Amino acid sequence: MALSRLGEFGIIERIKNVLGTQSSDVQISIGDDAAVYKTNSRTWSVITTDALVEGVHFDLSYTPVYSVGWKLLAINISDIAAMGGIPRNAVISLAVTDSWSEKKIDQLARGIADCCKRYSCDLIGGDTVRSVSKTFFSATVTGEVEPEYCVQRSGAETGDLICVTGILGRAKAGFHILSSSQKKSWSEKTINHFLYPEPRVKEARMLVKEVGINAMIDISDGLASEIHHICSSSGKGCIIYGDKIPVAEELEKLFYRKNKPLFYYAMQSGEEYELLFTVSEYNLEKLKRKKIFQNEQISVIGKICDRDNGLQLIYDNKKISLPAEGWDHFKKSG
Ligand code: ADP
Ligand code: MG
C-alpha cells in the first residue's frame, strides 16, 4: 500500500505490530504522547522524541534558525507535559549541510539553550552528522512523573467534560502570515506564537496535582485530530460544541470571507501545543475555582459519551460527524 494511503498512524501501527512483548517496567508504550517506564516507586521516567525536517516542518527562507532550535525542544517538552510530567534532560541529533555557517549553528544552539533554560531541562548530549540535501534535527527529552499524576490519552470516562487550554488558531494564523508576504500591523505577536510555542508544563502539573483529570493530549496535529486520539484510545465517543471552541481573533481577520465557520480553522490548526483534557463533572467544579479557569484560559468544549454515539460536532443547530482532519505527514491533509 502506498504510504500516502497508509498514513502516519498506519505506519506506526505496523511497527507496533511487529514488536514483541516489552519488559514489565514499561508502563506506557507506543500510542501516547510519551512513553513511561518505572525507575523507582516514587517517580516514573517519561521519554519522548520528535524530529524537525527542513522542507517538511520548517522553511529557512522565512523561519529564523533560532526558532527551529526553540521548537525542537518545545515540541518534545509539550509531550512530556501531556503525560503530567516534568522535563529533565535532552539529547539532540543534528544533520546539517555543508552550506551551514557558524552563525546559523550559534543561532540554532541559542534557540535550543533558551528553551531548555525556560523549562529547566538540561541538554546533556547528542550527535552531529553531515546531511547532503536538507537539514534534519531530532531531540529526545526525558522527564519524571509521579505514578499518581501520570495521565494518558486512554483515561476518558463517559460523562467527562472535554476541555482545552488557551485559544486556538493563532499558530495557523501565524504560519499563514509568516509564509506569505502579507504582514499586518498586528502580525508580530501572532507570528511569534507560531515560532516560539510555549508548552503548558505548569498548567499540566496544576491539572494533574490540584484538579485530577482523566485523559490528556497536547495539540500538535490539530484539535479535531487529538479528540479522535483521546476517543479511540479510551474507547469512547464525544459531542463537541463548535461555538464553545475558543477561536483566535486573528482567524477572523484572515479567514472571515471563507465559507467555513471560523472554529473549523481553529479545530484544524496544528502546532498549537495547548492541552486537550477530560475531567469529571466533580473535578471540573474544582477547576472552576482556579484563576486559570476564571481568566478564560480554559474552555469546556464538549462531553465524552459512549463509543456507540460516535464523535459528533454540534453547531448552528446541526449535528454532524466530527471531521478527523489534522496533520498527517504522509496523507498531507494538514
Ligand atoms: P505526538 O504527536 O504526541 O508526538 P506521534 O503522533 O508522533 O505523537 O506518535 C504517536 C505514538 O506513536 C507515540 O507513542 C510515539 O512514540 C509512537 N511512534 C511514532 N513513530 C514511531 C516509530 N517509528 N516507532 C515506534 N513508535 C513510534
Ligand atoms: Mg503529543
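The values are calculated or read from the model by the stated rules, or taken from the named source; none is laboratory data. In this text the structure is predicted, and so the values were computed from the model without any measurement. When we count neighbours, we look across all protein chains shown, and the Cβ atoms used for this are built from the backbone with ideal geometry, even at glycine. Ligands, DNA and RNA are excluded from the accessible area calculation, which covers all protein heavy atoms including side chains. Shrake-Rupley method; radii C 1.70, N 1.55, O 1.52, S 1.80 Å.
Suppose the filter is surrounded by fewer than 13 Cβ atoms within 10 Å (Cβ to Cβ) and at pLDDT 95 or above; does Asp316 pass it?
No: the conditions fail for Asp316.
Checking Ser99 against (1) open to solvent by 60 Å² or more (accessible area, probe 1.4 Å); (2) touching a helix residue (DSSP H, G or I) at 6+ places or on another chain (Cβ under 7 Å); (3) of a type in the set (Gly, Ala, Ser), which single condition isn't satisfied?
Unmet condition: (2).
Tell me which of these Arg88 doesn't satisfy, since it passes every other one: (1) basic (Lys, Arg); (2) within 16 Å of ligand 1 (Cβ to nearest atom); (3) surrounded by 15 or more Cβ atoms within 10 Å (Cβ to Cβ).
That leaves (2) as the condition not met.
Filter region 36-55 down to the residues that are within 15 Å of Ala139 (Cα to Cα) and open to solvent by less than 30 Å² (accessible area, probe 1.4 Å), then identify the one that is nearest to ligand 2 (Cβ to nearest atom).
So the residue we want is Thr48.
Could you say whether any residue in region 69-82 is more than 16 Å from ligand 2 (Cβ to nearest atom), in a helix (DSSP H, G or I) and either more than 20 Å from the chain's Cα centre (by Cα) or surrounded by 14 or more Cβ atoms within 10 Å (Cβ to Cβ) (or both)?
So far as region 69-82 goes, yes, one or more of its residues are more than 16 Å from ligand 2 (Cβ to nearest atom), in a helix (DSSP H, G or I) and either more than 20 Å from the chain's Cα centre (by Cα) or surrounded by 14 or more Cβ atoms within 10 Å (Cβ to Cβ) (or both).
Test Ala171 against the criterion of being of a type in the set (A, V, I, L, M) and out of contact with any strand residue (DSSP E or B) (no Cβ under 8 Å at 6 or more places or on another chain), and give yes or no.
yes
Residue-wise test of (1) buried (at least 16 other Cβ atoms within 10 Å of the Cβ); (2) more than 17 Å from the chain's Cα centre (by Cα); (3) at positive phi; (4) at pLDDT 95 or above.
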| site | (1), (2), (3), (4) |
| --- | --- |
| Leu195 | yes, no, no, yes |
| Arg200 | yes, no, no, yes |
| Glu203 | yes, no, no, yes |
| Leu207 | yes, no, no, yes |
| Gly212 | yes, yes, yes, yes |
| Glu226 | yes, no, no, yes |
| Gly235 | no, yes, yes, yes |
| Gly242 | yes, yes, no, yes |
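For region 57-77, state whether one or more residues are in contact with a Cys (Cβ under 9 Å, 6 or more places away or on another chain), within 15 Å of ligand 1 (Cβ to nearest atom) and at positive phi.
no
All but one of (1) more than 13 Å from ligand 1 (Cβ to nearest atom); (2) buried (at least 19 other Cβ atoms within 10 Å of the Cβ) hold for Asp33; state the number of the condition that does not hold.
(1)
Tally up the residues in region 164-184 that are out of contact with any Leu (no Cβ under 9 Å at 6 or more places or on another chain), of a type in the set (D, E, K, R) and assigned to a helix (DSSP H, G or I), please.
0
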